[in-house]
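The values are calculated or read from the model by the stated rules, or taken from the named source; none is laboratory data. Small disclaimer: the values here were computed from a predicted structure and weren't measured. All Cβ positions, glycine included, derive from the backbone under ideal geometry; neighbour counts span all protein chains shown.
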Amino acid sequence: MPKLPPPLSDEDRLLCRHILDLSERSERTGRALYSTFLDDRQLAFCEAALKSDKRPDFATFGGYPEAERRIIAFNDPEGEVLPFKPIVFNYPEGYELSHRDFLGSLMALGIKRELLGDILVGTGRTAVFVYDTVFSLVSDMTKVGRVGVKVSFDFSEADIPEPDFEEIHTTLASLRLDALVASALKMSRETAAELIRQKGVMQNRVLCFSPSERVSEGDRFSVRGFGRFDLSEVKGQSRKDRTIITVKRYR
């Protein structure tokens, strides 16, 4: 049995074992096999389990380079026959529909979250990446909430929104993960350390459980339930010998 990265819930461990089974079956049969959509945390511990078990090469895809929700592909390194496609919902620009509006309408159809990738909300257009097994069901939608929508299949790079973030200028006692998380999320360092130990923090797509982990300029972070942020700049030392930093926290 492969060593799985702790601490994981029983549900997480079942997912890891399912991914390892997909890898084994793909290697044995020579067929391309795919996971459903995984969030960045799930991707991290599944990738760690695959590497720990010395499984063959795999690739991840989400429909565009910066996708947060992605599938793991075995025996399809270039993503030539991916099991999902983008659908674009068009509606009058006067209506403001949110990520929650789309997710709620889709799940009201009985669609599980793992069959849906990123939801890219724009002005009058929203793109959703949809697994093939529910593609026809989503394609038939005519409303999101109370707003009428028209489906099209003309997704382009213009549908990928520019990131929306706030800049936080602050100082750290040291370039440690717990100190950074505390500053970025506006919590005490003790609370940040406990959060890291219990739930883990994604650092550059690696799930980390060590509060003392070193952080560097350019690192990217994701904290389940709190969102994403980057350590965009390390400027040097203050007069009180603290490290001056800039954090980009995404809304």
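Any idea how many residues of segment 132-144 are farther than 13 Å from LYS112 by Cα and surrounded by 15 or more Cβ atoms within 10 Å (Cβ to Cβ)?
Number of matching residues: 2.
Restricting to segment 122-144, what's the tally of residues that are β-branched (Val, Ile, Thr) and either at pLDDT below 95 or in the same structural domain as THR246 (by TED's automatic domain parsing) (or both)?
Result for segment 122-144: 1.
A quick yes/no check of all residues on (1) within 25 Å of CYS46 (Cβ to Cβ); (2) in contact with a Gly (Cβ under 7 Å, 6 or more places away or on another chain); (3) outside the structural domain of ILE119 (by TED's automatic domain parsing):
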{"site": "ARG146", "(1), (2), (3)": "no, no, no"}
{"site": "ARG176", "(1), (2), (3)": "no, no, yes"}
{"site": "ALA179", "(1), (2), (3)": "no, no, yes"}
{"site": "PRO211", "(1), (2), (3)": "yes, no, yes"}
{"site": "ARG220", "(1), (2), (3)": "yes, no, yes"}
{"site": "ARG239", "(1), (2), (3)": "no, no, yes"}
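Search segment 144-167 for residues that are over 19 Å from SER105 (Cβ atoms) and pair each with any residue that is surrounded by fewer than 11 Cβ atoms within 10 Å (Cβ to Cβ) and modelled with pLDDT under 95 when their beta-carbon atoms are under 9 Å apart and the residues are at least 6 apart or on different chains.
What qualifies is ILE160/PRO65; ILE160/GLU66; PRO163/GLU66; PRO163/ARG251; ASP164/ARG251; PHE165/ARG251; GLU166/ARG251.
Suppose we filter segment 76-95 for residues that are within 21 Å of VAL130 (Cα to Cα) and either of a type outside the set (D, E, K, R) or touching a Lys or Arg at 6+ places or on another chain (Cβ under 9 Å) (or both); how many remain?
Final tally of qualifying residues: 12.
Every residue, every condition in (1) more than 30 Å from GLU194 (Cβ to Cβ); (2) in a helix (DSSP H, G or I); (3) charged (D, E, K, R), yes or no:
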{"site": "ARG13", "(1), (2), (3)": "no, yes, yes"}
{"site": "THR36", "(1), (2), (3)": "yes, no, no"}
{"site": "LEU43", "(1), (2), (3)": "no, yes, no"}
{"site": "LYS51", "(1), (2), (3)": "no, yes, yes"}
{"site": "ALA67", "(1), (2), (3)": "yes, no, no"}
{"site": "ALA73", "(1), (2), (3)": "yes, no, no"}
{"site": "GLU78", "(1), (2), (3)": "yes, no, yes"}
{"site": "VAL81", "(1), (2), (3)": "yes, no, no"}
{"site": "VAL88", "(1), (2), (3)": "yes, no, no"}
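Could you check segment 47-57 and list, in sequence order, the residues that are out of contact with any Pro (no Cβ under 8 Å at 6 or more places or on another chain) and surrounded by 14 or more Cβ atoms within 10 Å (Cβ to Cβ)?
GLU47, LEU50, ARG55
Can you name the residue in segment 144-185 that is in contact with a helix residue (DSSP H, G or I) (Cβ under 7 Å, 6 or more places away or on another chain) and of a type outside the set (A, V, I, L, M) and, of all such residues, is farthest from ARG224 (Cα to Cα)?
GLY145
Among the residues of segment 69-96, write down those that are in contact with a strand residue (DSSP E or B) (Cβ under 6 Å, 6 or more places away or on another chain), at pLDDT below 95 and within 20 Å of ASP159 (Cα to Cα).
Within segment 69-96, TYR95 is the sole residue that qualifies.
Do you know which residues across segment 186-208 are among the aliphatic types (A, V, I, L, M) and out of contact with any Lys or Arg (no Cβ under 8 Å at 6 or more places or on another chain)?
Scanning segment 186-208 gives MET187, ALA192, ALA193, LEU195, ILE196, VAL201, VAL206.
Going by what's in this entry, would LEU231 be described as surrounded by 12 or more Cβ atoms within 10 Å (Cβ to Cβ), touching a residue at least 24 places away in the same chain (Cβ under 8 Å) and in contact with a Pro (Cβ under 9 Å, 6 or more places away or on another chain)?
no
Just checking, does segment 107-122 include any residue being outside any strand (DSSP E or B) and closer than 26 Å to LEU185 by Cβ?
Yes, because at least one residue in segment 107-122 is outside any strand (DSSP E or B) and closer than 26 Å to LEU185 by Cβ.
Identify the residue in segment 196-227 that is without any contact (Cβ under 8 Å) to a residue 40 or more places away in the chain and closer than 18 Å to GLU167 by Cβ and, among all such residues, is surrounded by the most Cβ atoms within 10 Å (Cβ to Cβ).
ASP219
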